[in-house]
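Read the structure below first, then the notes.
The values are calculated or read from the model by the stated rules, or taken from the named source; none is laboratory data. Model, not experiment: these values are computed from the prediction. Cβ sites come from the backbone with ideal geometry, for glycine too, and all protein chains shown count toward neighbours.
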Amino acid sequence: MNEKILAVRRNEFPEHWLEREVALSMSWEHFLDRMTPARACFIDRAVAESDYRFKQIIPYILLADSEDRLATYSRNGSEKRLSGRLSLGIGGHLRQDDFTGGQFSWAELAGKALQRELLEELPGFDPVGNPEFIGIINEEHSDVGRVHVGLVFVFRGLDSAKIVSGEELGSLNWFAVSELNKETCEGFELWSWLALQLFSVTGHPF
């Protein structure tokens, strides 16, 4: 059976959310105000990957350690269009099996997706506290970008020595934000650059 994932038609989003390159800071409450009325639906992932009428919703999480460094890794995963690119974020789809029925809840779906992806990519990951939502990212340059929009979260204050990455992530490297730029990290995927821009304007301590 084909995997069904959450998607929203483009015309349900505020127009400025889907410009060519977007890193838009916002609160979770503002996101809910704009997207709760939207008609989200679960569709076959295989169809969604090439149907530009829809945007798949991807929670995308950044990891920041207690020394204020961000985790980076080289993608070795199943998404061949991104394989080999450097990344700051761990992301995954909102799946139909994340939905338990009853009233639709963005918070419930995003929370389950984040928990699933973190446990898959970081075996034994058991942080204290909850991730912080800092805004959305979008890009319309690539085939991947045209069918996805990212909800960016940050886990802060992590103990980098205790985080073990799974096979798809390879090894994690930790960098101060001041070290992350296009000269030193030329191979970064665009979503990571957008997430870094967003992170830089949300009151972090760097």
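The table for this structure:
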item	result
Single unsatisfied condition, L151 versus (1) out of contact with any helix residue (DSSP H, G or I) (no Cβ under 7 Å at 6 or more places or on another chain); (2) closer than 27 Å to E21 by Cα	(1)
Odd one out for I43, checked against (1) touching a Cys at 6+ places or on another chain (Cβ under 8 Å); (2) at pLDDT 95 or above	(1)
Flag for L32 being in a strand (DSSP E or B) and at pLDDT 95 or above	no
Check on L190, touching a Leu at 6+ places or on another chain (Cβ under 9 Å), among the aliphatic types (A, V, I, L, M) and over 25 Å from P37 (Cβ atoms)	no
Condition check for F104: of a type in the set (F, W, Y) and surrounded by 15 or more Cβ atoms within 10 Å (Cβ to Cβ)	no
Of all residues in the range 38-65 being outside any helix (DSSP H, G or I) and of a type in the set (D, E, K, R), the one that is surrounded by the fewest Cβ atoms within 10 Å (Cβ to Cβ)	R39
Conditions (1) among the aliphatic types (A, V, I, L, M); (2) surrounded by fewer than 20 Cβ atoms within 10 Å (Cβ to Cβ); (3) in a helix (DSSP H, G or I); number of the one not met by L196	(2)
Residues located in the range 97-132, provided they are touching a helix residue (DSSP H, G or I) at 6+ places or on another chain (Cβ under 7 Å) and under 23 Å from T72 (Cβ atoms)	A113, F125, P131
Residue in the range 173-189 that is modelled with the lowest pLDDT, counting only those that are buried (at least 16 other Cβ atoms within 10 Å of the Cβ) and outside any strand (DSSP E or B)	C185
Failed item, numbered, when R81 is tested on (1) part of a helix (DSSP H, G or I); (2) modelled with pLDDT of 90 or more; (3) not aliphatic (A, V, I, L, M)	(2)
In the range 145-172, the residues that are surrounded by 15 or more Cβ atoms within 10 Å (Cβ to Cβ) and assigned to a strand (DSSP E or B)	H148, V149, G150, L151, V152, F153, V154, F155, R156, L158
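Yes or no, residue by residue, for (1) of a type in the set (A, V, I, L, M, F, W, C); (2) modelled with pLDDT of 90 or more; (3) not in a strand (DSSP E or B):
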residue: H93; (1), (2), (3): no, yes, yes
residue: Q103; (1), (2), (3): no, no, yes
residue: L109; (1), (2), (3): yes, yes, yes
residue: L114; (1), (2), (3): yes, yes, yes
residue: L118; (1), (2), (3): yes, yes, yes
residue: G124; (1), (2), (3): no, no, yes
residue: P127; (1), (2), (3): no, no, yes
residue: N130; (1), (2), (3): no, no, yes
residue: G135; (1), (2), (3): no, yes, no
